[in-house]
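This report refers to the structure that appears directly beneath it.
The values are calculated or read from the model by the stated rules, or taken from the named source; none is laboratory data. What you see is a predicted model; the values in this text were computed from it and never measured. When we count neighbours, we look across all protein chains shown, and the Cβ atoms used for this are built from the backbone with ideal geometry, even at glycine. To get the accessible areas, we keep the full protein, side chains included, count just its heavy atoms, and leave off ligands, DNA and RNA. Shrake-Rupley method; radii C 1.70, N 1.55, O 1.52, S 1.80 Å.
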Number of protein chains: 2
Amino acid sequence: MDKTSQTSPSAELAAFAANLRFKDIPTPVVGRAVDLFVDWVGSALAGKGARPVETIAAFSKSMGPSEGLSEILIDGSFSSPFFAALVNGASSHIAEQDDVHNGSVFHPAAVVFPAALAVAQANRASGQDFIAAVTAGYEVGIRVGEFLGRSHYKIFHTTGTAGALAAAAATGRLLGLSPASMLDAFGSAGTQAAGLWEFLRDAADSKPLHTGKAAANGLVAAYLAKDGFTGAKQILEGRQGMAAGMSSDADPARLTDRLGVRWTLAETSFKFHASCRHTHPAADALLKAMRDNDLGMADIGSVTTLVHQGAIDVLGPVVSPSTVHQAKFSMGTTLGLIAAYGRAGMDEFEKGYARPEVTAFRDRVRMVLDDEVNTAYPACWIGKVLVETTDGRRIEARVDEPKGDPGNTLTRDEIDGKVRGLAAFSGAADVNDMDAMLPRLWQIDRANSIGPLMPARPDAG
Amino acid sequence: MDKTSQTSPSAELAAFAANLRFKDIPTPVVGRAVDLFVDWVGSALAGKGARPVETIAAFSKSMGPSEGLSEILIDGSFSSPFFAALVNGASSHIAEQDDVHNGSVFHPAAVVFPAALAVAQANRASGQDFIAAVTAGYEVGIRVGEFLGRSHYKIFHTTGTAGALAAAAATGRLLGLSPASMLDAFGSAGTQAAGLWEFLRDAADSKPLHTGKAAANGLVAAYLAKDGFTGAKQILEGRQGMAAGMSSDADPARLTDRLGVRWTLAETSFKFHASCRHTHPAADALLKAMRDNDLGMADIGSVTTLVHQGAIDVLGPVVSPSTVHQAKFSMGTTLGLIAAYGRAGMDEFEKGYARPEVTAFRDRVRMVLDDEVNTAYPACWIGKVLVETTDGRRIEARVDEPKGDPGNTLTRDEIDGKVRGLAAFSGAADVNDMDAMLPRLWQIDRANSIGPLMPARPDAG
């Protein structure tokens, strides 16, 4: 036995993921995992028709097999697990409606579920094994994101980097990897980890590529490990590992923080607005200011949002968004839609982001770094706005937990409605499809084996 | 027109790659490209039977299509370009016999040829287009490696990171990308760029994964760009790009250094010894000391190698190698084989790395940082050794250009012999196969269309 590998943070985390059993997971955590799964299906369906997603799907069809057991949700076709993970990973991160874990600034669903579903379908895994695998993926990915820290997130898209480890953990759990092989899978996943924020400046298509590749690369790592392919034993904390290369404030203690006691999956937030999560606290605070003071759009002269540094890093470069997707990274646009429509959902972004009254409002919104908000972040995402009305009033509003956070979560009815809305938006599934699917989705933990999610279609290949 | 994209170093480099024509390439550079191609085929064949390579090949067969036009050299099977690039990229970097560019510490062949060959075969490209694409790949990848600098190489395997850009350039050139689309391909390649040295500490299998994934990821980037998928316009030098995240001494001027005038492809070195290139200068210097002074292994008491910092960074962690592959990163083992056999080729590593006299010699070799060597590196790889003989003499030897460098290059006969030796070593091709293949390989630039390289086999699927 190699003592190092038994005692390193990477090894402890890998052993936890390999050994996690369904019966170890508290019932409320299982329930939340099912909620997150159903919520994710909505995001995966929402990617249908989005040009970057369809481009990745077309590439997958040209390079991959035309049949298999793993389902591509945007069109109900099937392929090998690799390509299903790639396409579903891409599709679930484009509507900006997938879940987020605050403390790690990591979007687990978009990388964990695509890999886990693809492998579970290929291997006809049980619902219980699927939930255990998904939970392993969340617990690993979130801790890796926390470990890599804020310095990492300034340059790297944590969902792309930590996401490869999360997908490896979920896939590895479904493949029944030993702790040692799970550690190998971590090594191969971490050495493939990538994703840079530079694309934001150009409104380029990289974001869904990051999630698709993280899901697929993590899956590759786990399959290779199953077959004996070895990886670095301390890819996370080693001297030439991920933190050494891509972080200046990494904290290895975060990797093993209360494993089996603290369930980070249950800390994960649902997204309510269809925009970058960094806009949500301010959006909720603006909504509160408008409701409490009965303000309409025309009453608002300007809005100062009091934010954390991460919001400025990610949203700051987006001054004049030229696409719907880029608009979701504009604080001003998001607040303009809130002001105009009372909400910032998929439809509002599509129809409203470029409207003159919204762009004019956008240019009257500014972000200012706030000490309290910045210190609380990323554990808490406090929303604070200062509204100056056209008649000269100064109105302050704050929200301590944005809508969708664990203390202000979505009900199953709200999730159901959100998923139906996303499917209808993209046209990936109609009302009948959703009526047929949703009851099964809500019982995924009780499935004897994970089969196709979409209803069988007479015209499907 | 976006002015930034017209004038940035990334955009200039992308335009060069997109616009490069065969007739723009000087004849000696074309000749060297053919030399490097033939040399690469040897390395690709040498990977047959290596467990990590065969594991990646088996994964590819399970996830990819079972037919296609792109050839997997280790077994003569065919698949889609994605999987052929993945497997050939992995196989060509495991014997440690593939080429290297000194200044960038980058192994171009292992990432450029796998991608270019897969796409050229799929599209039946001409030999001239193949050479133009390969040259674009070398010129881009080497400049990206030089740009990322020494700080990058301390943590990152430059062949994995810069390799994705190199593969994107070669693939993009074969797909006929416009300069703007080539820039998109660079963006998608750079945001997937990965590869950490951490695996060296554990003798893990990551190195061929890095080259396979770099080739495949770059190919993905170019195919997506062809279909309109956009990428960051300054993925290399942008504020949240590769250098920002993964380098502290990046120099954007290197990206466009004398494009079309300086041909970095022709600066690329062939590998003579079957070990990490960082061992070669000292190995050649030790050989010289032994020849000039008629020393045998038993005459040598100890060897002090005077090296650059990069050699210490990469080779330093390898104290007691436990596999053939790890032994190739051991300065002591490499010099032990030189002392024992007069060479450190594939066979010598296999049969000798664990022999008692070699391990005993290994432990009498040390590396010392040398100012002259370190300052000259990476442009020049000077070899200096100080040998203490068992009878008390102190012998110094130096080599200014290790065997295989442009000023001390391999002849075509030497390349021919090396390739035959590599194929025989792995059993990927027998003498008859090589007799049939080699004349065609040496004329690749004159092919009307690039077809399979291996002779047709009656039993091939």
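Taking label positions 7 Å along the Cα-Cβ direction at both A:VAL261 and A:ASN432, the computed distance is 5.4 nm, reported to one decimal. Among the GluC sites (Glu not before Pro) found in the range A:59-135, those both in a DSSP coil and sparsely packed, with 14 or fewer other Cβ atoms within 10 Å of their Cβ, are A:GLU67. Simple rule: put +1 on each Lys or Arg Cβ and -1 on each Asp or Glu Cβ in the range A:395-447, find the dipole, and look at A:THR409, A:PRO439, A:SER426; the Cα lying farthest toward the positive end is A:PRO439. In the assembled protein chains, B:ASP24 presents an accessible area of approximately 60 Å² (probe radius 1.4 Å).
The trypsin sites (Lys or Arg not before Pro) of the range B:66-162 that meet both conditions, a loop assignment by DSSP and at most 15 other Cβ atoms within 10 Å of the site Cβ, are B:ARG124. Under the simplified labelling scheme, the B:ASP391-B:GLU12 pair shows an inter-label distance of 6.0 nm, with each label point 7 Å from Cα along Cα→Cβ. The label-point distance for A:ASN19 and A:ARG124, in a model that sets each label 7 Å from Cα toward Cβ, rounds to 3.1 nm. Annotation: lysines with alpha-carbon distance below 30 angstrom to A:LYS61 (same-chain offsets under eight excluded): A:LYS48, A:LYS207, A:LYS213, A:LYS226, A:LYS328, A:LYS418, B:LYS48, B:LYS61, B:LYS207, B:LYS213, B:LYS226, B:LYS233. For B:GLY296, the distances from its label point to the matching points in the remaining copies are 10.3 nm, ordered from shortest, with each point set 7 Å beyond Cα toward Cβ. Dipole check for the range B:373-434: with +1 at the C-beta of Lys and Arg, -1 at the C-beta of Asp and Glu, and the Cα centre as origin, the magnitude is about 220 Debye. To the nearest 10, the accessible area of A:THR27 is 110 Å² with a 1.4 Å probe. Helix-only arithmetic for the protein assembly as shown: the sum of -39500 (n - 2.57) across DSSP H runs with n ≥ 4, divided by the residue total, places the mean residue ellipticity at 222 nm at -16000 deg cm²/dmol. Converting phi to 3J(HN,Hα) with the Karplus coefficients 6.51, -1.76 and 1.60 and the offset θ = phi - 60°, the range B:165-174 yields 5, 4, 5, 5, 5, 5, 5, x, 5, 5 Hz in sequence order, with x at every glycine or proline. Taking only Cα atoms, what is the 0 to 90° angle, nearest 10, from helix B:109-123's long axis to the longest principal axis of chain B? Approximately 30 degrees, to the nearest 10. Computed from the C-beta positions of A:ARG355 and A:THR375 and an R0 of 35 Å, the FRET efficiency is 0.45 to the nearest 0.05. May I ask which residue of A:LEU315, A:VAL41, A:ILE72 lies farthest towards the positive end of the charge dipole of chain A, with charges of +1 (Lys, Arg) and -1 (Asp, Glu) on Cβ and the Cα centre as origin? Of the candidates, A:ILE72 comes out farthest on the positive side. Label points for B:TRP442 are taken 7 Å from Cα along Cα→Cβ. From this copy to the others they lie 7.4 nm apart, shortest first.
What shape does the range A:24-168 have by the C-alpha gyration tensor, where a ≥ b ≥ c are the square roots of the eigenvalues, rounded means a/c under 1.5, and otherwise prolate means a/b greater than b/c and oblate the rest?
Working: a/c = 1.82, a/b = 1.24, b/c = 1.47.
Oblate.
List the trypsin sites (Lys or Arg not before Pro) within the range A:247-279 that DSSP assigns to loop and that have no more than 10 neighbouring Cβ atoms inside 10 Å.
Working: sites: A:ARG254, A:ARG258, A:ARG262, A:LYS271, A:ARG277; in loops: A:ARG258, A:ARG262, A:LYS271.
Those satisfying the criteria are A:ARG258.
Summed for both chains, how many Å² of accessible area, to the nearest 100, are buried between A and B with a 1.4 Å probe? List each step's numbers first, then the result.
Details: alone 16980 and 16960 Å², together 29190 Å².
Between A and B, the summed buried area is about 4700 Å².
Take every Cα pair under 8 Å whose residues are at least 6 apart in sequence, average their separation, divide by the length of the range A:3-267, and the relative contact order is 26 percent. When each copy gets a label point 7 Å from Cα toward the beta-carbon at B:ASP391, what are the spacings between them in nm, shortest first? Output for B:ASP391: 10.7 nm, nearest copy listed first. The contact residues of the range B:186-204, meaning those that lose at least 40 Å² of 1.4 Å-probe accessible area when all protein chains sit together rather than their chain alone, are B:THR191, B:GLN192, B:ALA194, B:LEU196, B:GLU198, B:ARG201, B:ASP202.
Please label the shape of the range A:277-403 as rounded, prolate or oblate, based on the square roots a ≥ b ≥ c of the eigenvalues of the alpha-carbon gyration tensor (a/c under 1.5 means rounded; beyond that, a/b larger than b/c means prolate, else oblate). Judged from the Cα gyration tensor, the range A:277-403 comes out oblate (a/c at least 1.5, b/c at or above a/b). Looking at chain B, the pairs of alpha carbons with a distance over 37 Å make up 22% of the total. Once the Cα atoms are used to define both axes, helix A:206-226 deviates from the longest principal axis of chain A by about 20 degrees. Centre-to-centre separation between the Cα atoms of the range B:360-403 and those of the range B:317-335: 17 Å. Using alpha carbons only, how many angstrom separate the centre of the range A:58-106 from the centre of the range A:246-267? Each part's Cα centre sits 26 Å from the other's.
Accessible area per residue, 1.4 Å probe, Å², for the range A:76-157: what's the number? If you can, show how the numbers build up before the last one.
Values: 990 Å² over 82 residues.
It amounts to 12 Å² per residue over the range A:76-157.
Around the Cα centre of the range A:3-267, unit charges on the Cβ atoms of Lys, Arg, Asp and Glu (plus for the first two, minus for the last two) sum to a dipole of about 440 debye.
Here the accessible area of chain A is 50 percent carbon and sulfur, with a 1.4 angstrom probe and all protein chains present.
Shape class of the range B:3-267 from the Cα gyration tensor (axes a ≥ b ≥ c, square roots of the eigenvalues): rounded, since a/c falls below 1.5. Working from Cα pairs under 8 Å separated by at least six residues, relative contact order for chain B is 21 percent.
Heavy-atom accessible area for A:TYR138, with the other protein chains in place and a 1.4 Å probe, reaches approximately 0 Å². Converting phi to 3J(HN,Hα) with the Karplus coefficients 6.51, -1.76 and 1.60 and the offset θ = phi - 60°, the range B:85-90 yields 5, 4, 6, 5, x, 5 Hz in sequence order, with x at every glycine or proline.
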